[in-house]
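The structure is given below, and queries will be raised subsequently.
Quick note: the coordinates plus some simple rules give every number you see, no bench work behind them. Being a predicted model, the structure only gives us computed values, none of them experimental. Methodologically, a virtual Cβ is constructed for each residue, glycine included, from the backbone with ideal geometry; neighbour enumeration extends over all protein chains shown.
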Ligand SMILES: NC(=O)c1ccc[n+]([C@@H]2O[C@H](COP(=O)([O-])OP(=O)(O)OC[C@H]3O[C@@H](n4cnc5c(N)ncnc54)[C@H](OP(=O)(O)O)[C@@H]3O)[C@@H](O)[C@H]2O)c1
């Protein structure tokens, strides 16, 4: 990871869960991390927790709102003049089916998981290229639900979109003759607040994850490090990572 020391990364959805662990791990490897989410208090707690072992810059941003995302990239441009790594992690699921789901919940999933991610891709690559960064890295946190359909078709649709967008971005970066790399990471079950939020119950998160030994957020952060530390001529495009005990 030596070549990333002192470089600048953005991690979206860093207040809890996978993004929190990625932000922490990148900071501990000497990367300056802009950590964004809606919950500023949790971001401040993250910054305090890594204090001394790395640098975290909390930034409150709702990625449903393009103006807020653009404002965040202006903050990064003004403070650092550049960006090297963008981890599009913010995401959510709703139990909103095709026949019975609410349009509002469908829209929120697409706004965060797809449109917010696209804006993150576009704005980060724009800032990389205008600041002469040719070896940057965009990492999209996808899902196994982006490769096969279980019981959440709308959530799956957003993640299938992430599969298509990650491959599309790889091709656009190649056609533009940059060496910026793009990695999609597709986890199976990870023990975070995702399931309790999905099921609108933030009190019993352990219960949702007790059937098998789940992945931990740190396992996904390790996959991010794996992709980043590959030699610059190696573009790790897709990582699927399931708990050993997960059958689906
Ligand atoms: N957990 C799993 O089993 C699993 C499996 C496969 C893929 N994933 C994917 O992994 C990613 C992270 O999920 P997680 O498991 O860590 O879930 P989580 O614990 O619920 O964390 C989700 C993160 O996304 C942020 N977020 C949600 N809506 C946002 C918005 N409008 N603006 C900014 N940030 C927002 C949340 O922050 P605030 O609420 O503070 O805004 C939080 O930091 C998601 O893309 C998810 O689809 C998860």
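Taking only Cα atoms and a 10 Å spring cutoff, compute GNM fluctuations for the chain and point out the largest among 12, 82, 178.
With Cα springs under 10 Å in the chain, the top fluctuation among 12, 82, 178 is at 178.
On to the next question. Pick out which of 81, 136, 52 has the largest mean-square fluctuation in a Gaussian network model of the chain, springs linking Cα atoms closer than 10 Å.
Fluctuation is largest for 52.
Here's a follow-up. Can you check what the Kirkwood hydrodynamic radius comes to for segment 123-248, Cα pairs only, in Å to one decimal?
One over the average 1/r among Cα pairs gives 16.0 Å for segment 123-248.
Please order 179, 233, 94 by the number of other Cβ within 10 Å, starting at the fewest.
Values: 179 14, 233 7, 94 20.
Final ranking by Cβ density, sparse to dense: 233, 179, 94.
To continue, here is another question. For 208, 155, what's the fewest-to-most ordering of other Cβ within 10 Å of each Cβ?
Numbers: 208 18, 155 25.
Going from sparsest to densest Cβ surroundings: 208, 155.
What residue among 157, 230, 217 has the largest mean-square fluctuation in a Gaussian network model of the chain, using Cα springs under 10 Å?
Looking only at 157, 230, 217, the biggest GNM fluctuation is shown by 230.
What distance in nm separates the two pseudo spin-label positions at residue 51 and residue 225, each 7 Å out from Cα along the beta-carbon direction?
2.4
Let me ask something additional. How much length, in nm to one decimal, is gained on full extension between residue 150 and residue 42, taken as 0.36 nm per residue of separation minus their Cα-Cα distance?
On the way: separation 108, 0.36 × 108 = 38.88 nm, distance 3.17 nm.
Going from the current span to full extension adds 35.7 nm.
Moving to a separate point now. Within 10 Å of each residue's Cβ, count the other Cβ atoms and sort 32, 64, 126, 177 from fewest upward.
Working: 32 21, 64 16, 126 13, 177 7.
Fewest-to-most Cβ neighbours within 10 Å comes out as 177, 126, 64, 32.
Where the centroid of each part is defined by its Cα atoms, how far is segment 51-67 from segment 157-229 in Å?
19
Using a Förster distance of 41 angstrom, determine the FRET efficiency expected from the C-beta separation of residue 179 and residue 212, and round it to 0.05.
0.55
Oh, and also: Rounded to the nearest 0.05, what FRET efficiency is calculated for residue 247 and residue 60 with R0 set to 30 Å and r the Cβ-Cβ distance? Don't skip to the answer; put the middle values down first.
Numbers: r = 39 Å, r/R0 = 1.31.
Efficiency for this residue pair is about 0.15.
Right, something else. Which whole-number value in Å³ per residue fits the convex hull of the alpha carbons of segment 1-59? List each step's numbers first, then the result.
Values: hull volume 3.5 nm³, N = 59.
Looking at segment 1-59, the number lands at 59 Å³ per residue.
Between the helical axis of 66-80 and the dominant principal axis of the chain, each derived from Cα atoms, what acute angle in degrees is found, rounded to the nearest 10?
30
With both bridge residues required to lie in segment 1-115, what share of the DSSP beta bridges run antiparallel, to the nearest 5%? The partial results should precede the final answer.
Details: 0 of 15 bridges.
Here the share of antiparallel DSSP bridges comes out near 0 percent.
Could I ask something else about it? Rounded to the nearest 0.05, what FRET efficiency do residue 193 and residue 5 have when you use their Cβ-Cβ distance and R0 = 25 Å? All intermediate terms of the calculation are to be shown ahead of the outcome.
Values: r = 31 Å, r/R0 = 1.23.
The formula returns an efficiency of 0.20 here.
With contacts defined as alpha carbon pairs under 8 Å and 6 or more residues apart, what's the relative contact order of segment 2-241 in percent? Write down the numbers at each step before the final one.
Working: 456 pairs, mean separation 44.7, N = 240.
RCO, segment 2-241: 19 percent.
Across every pair of different alpha-carbon atoms, what Kirkwood hydrodynamic radius in Å does segment 13-127 reach? Intermediate results must be reported in sequence, preceding the final value.
Numbers: mean 1/r = 0.0678 Å⁻¹.
Final number for the Kirkwood radius of segment 13-127 is 14.7 Å.
Here's a follow-up. What does the convex hull of the alpha-carbon atoms of the chain project to on average, in nm²?
Numbers: hull surface 51.8 nm².
So the mean shadow area of the Cα hull is 13.0 nm².
Quick one: of the DSSP bridges fully inside the chain, what percent are antiparallel, nearest 5?
Values: 0 of 29 bridges.
Taking every DSSP beta bridge within the chain, about 0 percent pair in antiparallel fashion.
222 nm [θ] for the chain, helices only, -39500 (n - 2.57) per DSSP H run of 4+, per residue, to 500?
Dividing the helical sum by the residues of the chain leaves -13000 deg cm²/dmol.
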